[in-house]
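Have a look at the structure below, then the notes.
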Amino acid sequence: MTRIFAETVLLPEGWTSNVRLQLDGAGVITSIERNAARQEGDVNLKGKALLPAPVNLHSHGFQRALAGLTERKGSGGQDSFWTWRTLMYSFLENLTPEDTQAINAYAQMEMLQSGYSAVAEFHYTHHQVGGALYANPAEQSLRVVEAARQSGIGLTHLPVYYNQGGVDGRVLQGGQLRFKNDISQFFRVWEAAKAGIEALSSDSRIGVAPHSLRAVPKDHLDELVKAFGEKPFHIHIAEQVAEIDEIQNAYGVPPVQWLYENYDVQPGWCLVHATHLNDAEKDHLIRSRAVAGLCPLTEANLGDGIFDCVNHMDQGGVVGVGTDSNISISLAHELRVLEYSQRLNLKGRALVCEDEKSTGRTLFDAVCLGGAQAAGRTGGAIEIGNFADMMTLDVTHPDLEGLKGDTLLDSWIFGTQSDPVSDVWSAGRHMVQNGQHIHQQEIVENYRRTAAKLRSLL
Ligand SMILES: [Zn+2]
C-alpha cells in the first residue's frame with residue numbers, strides 16, 4: 001500500500017488543495033481525502049503539482065531509431081510519406097528481436113519521462129526477415145512486453161493484422177513480409193501474445209489492430225470485427241490523400257464512410273489519423289464516440305494534413321494523442337502542435353478551449369480521458385477505482401514558478417523547453433522520479449548500441 005500527499009492536485013472536479021491518496025498493491029486508487037493533512041510515511045510531493053498521466057494511444061516503438069534519418073529529398077526531387085516508408089522497410093531488413101526490445105524500452109522510457117503513463121503499441125513486425133515464423137510466433141510481441149517490464153509503462157498491446165499490399169490485393173514484398181499473416185496464423189500470433197500480456201501485470205491489455213483498409217480485405221476484416229470488436233480495436237483510417245483515393249476508387253466511398261456503412265463502430269475503437277474526412281464522416285465519428293487518434297508531431301513530420309479538432313471537440317467528439325513514428329517523444333509538444341495546427345489553419349487563438357478552462361487544460365483533460373478509453377484502461381482521472389496513472393509538474397521550475405491552476409498546464413505545454421515533468425506513476429509503479437527514469441542508464445546504454453548497429457547497416 002502507498003500513501004501520497006500533495007498540496008496541489010488536479011481531480012475530476014478541478015484543482016484541489018491538500019489531497020491524500022491511497023493506492024493498493026495493484027496500483028489502484030482506493031481512497032482520496034480532500035483538505036487532508038500530511039501524515040508520517042506519506043510520499044510528500046512538496047513543490048510539485050499532481051495530475052493524471054494520459055495514455056499514448058498510438059506508437060510504433062521500433063521507428064524511434066529512424067528519427068532524423070529521412071529528412072532529405074528523395075531521388076524524385078520530393079520527399080513524402082511513401083519515400084519515408086521505403087527507408088523504414090529497409091531498416092526492417094536488419095531488426096532482430098533483441099533490437100525490438102532495446103528500442104521499445106528506450107521509447108517507452110522517453111514516453112514516461114514526458115508524462116505518458118501507458119502506451120497502445122500498434123505492433124506489426126511479427127516475423128523473421130522473409131516472413132518465416134519465429135519458434136514462438138509472438139516472439140516480437142513478447143519483446144515489446146519485456147521492454148514494458150523493464151520500463152514499467154502500462155501496455156495495451158495491439159497485434160496488427162496486415163495481409164496485402166493494397167486494396168487491389170497485390171502481394172506483400174521485401175520488408176513487408178515481416179508483417180504478413182492470414183487469419184488462422186494471426187490467431188496463433190495473437191494467442192501467444194495474449195499469454196505474454198497476461199503474465200506482465202494486471203493493468204496490461206491486449207486488443208487488435210487491422211492495419212488499414214488497404215492492407216486488410218473485407219472478408220478478413222469481418223472476421224476480426226467478429227472476434228475482437230469488443231476489445232480495443234485500432235485502425236489507420238484516413239492519413240494520406242493517396243490512400244483515400246485508393247479506397248474511394250475501389251469501394252465507391254471514402255474510408256471512414258465505408259467503415260461506418262459496414263460496421264457498428266464502438267467507443268472502444270480508435271480511428272488513427274482521421275485526418276481527411278468529409279462532413280458526413282466527421283458526424284459519424286463524433287456520434288459513435290469512437291476515439292479520434294491524433295498524432296500531431298508525426299502528422300506534421302510526414303506532411304499528412306490537419307485534423308478538424310475544433311469542430312470535433314465542440315460537437316463532443318472524443319480525442320487522444322499518440323506518438324506514432326516517435327520522431328520525437330514529448331507529450332507537451334504533441335499538445336502544442338495540435339493546438340498550433342488549428343491556429344495556423346483557422347487563423348485564431350485559444351481554439352481548442354472550453355469556456356471554463358484554458359487551452360492547455362482543455363487539451364489535457366480531453367487526451368487523458370480519450371487515451372484511457374482507446375487503451376481499454378481504467379484511468380484518465382485521479383479517481384477511486386482507477387489505476388494510479390499520474391504525473392507531477394515541478395512548480396519550482398523557472399517556467400512554472402509562482403503559477404497556479406490551468407496556467408501551469410499552459411506554461412508547460414506552450415512555454416517550456418526543458419521538461420518540468422518530475423514524477424510519473426503507471427498503475428502505481430513510480431518509474432520516473434525527479435525527472436529521471438529509475439532504469440535510465442541501462443536502457444540508454446542498450447539503445448545506444450542497438451541504434452549504432454542498425455544505422456551502420458542502412
Ligand atoms: Zn501509425
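The values are calculated or read from the model by the stated rules, or taken from the named source; none is laboratory data. Quick caveat: nothing in here was measured; it's all calculated off a predicted structure. Ideal geometry is used to build each Cβ from the backbone, glycine not excepted, and the neighbour counts take in all protein chains shown. These area figures cover heavy atoms from the full protein model, side chains too; ligands, DNA and RNA do not enter into them. Shrake-Rupley method; radii C 1.70, N 1.55, O 1.52, S 1.80 Å.
The rows are residues; the columns are (1) buried (at least 23 other Cβ atoms within 10 Å of the Cβ); (2) within 18 Å of the chain's Cα centre (by Cα).
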residue: GLY303; (1), (2): no, no
residue: ASP308; (1), (2): no, no
residue: GLN315; (1), (2): no, no
residue: GLY320; (1), (2): yes, yes
residue: ASP324; (1), (2): yes, yes
residue: SER328; (1), (2): no, yes
residue: GLU334; (1), (2): yes, yes
residue: VAL337; (1), (2): no, yes
residue: LEU344; (1), (2): no, no
Of the residues in region 327-382, those that are at pLDDT below 95 and of a type in the set (Ser, Thr, Tyr) number 0
Among (1) surrounded by 21 or more Cβ atoms within 10 Å (Cβ to Cβ); (2) under 20 Å from the mean Cα position of the chain (by Cα); (3) touching a residue at least 40 places away in the same chain (Cβ under 8 Å), THR359 falls short only on (2)
Sort out which residues of region 34-53 are surrounded by 14 or more Cβ atoms within 10 Å (Cβ to Cβ) and more than 15 Å from SER422 (Cα to Cα), and write them in order of number. ALA36, ARG38, ASP42
Across (1) at pLDDT 95 or above; (2) open to solvent by less than 30 Å² (accessible area, probe 1.4 Å); (3) in contact with a Pro (Cβ under 9 Å, 6 or more places away or on another chain); (4) not hydrophobic (A, V, I, L, M, F, W, C), HIS273 clears everything bar (3)
Looking at ASP324, ASP304, can you tell me which residue is within 16 Å of the ligand (Cβ to nearest atom) and modelled with pLDDT under 95? ASP304
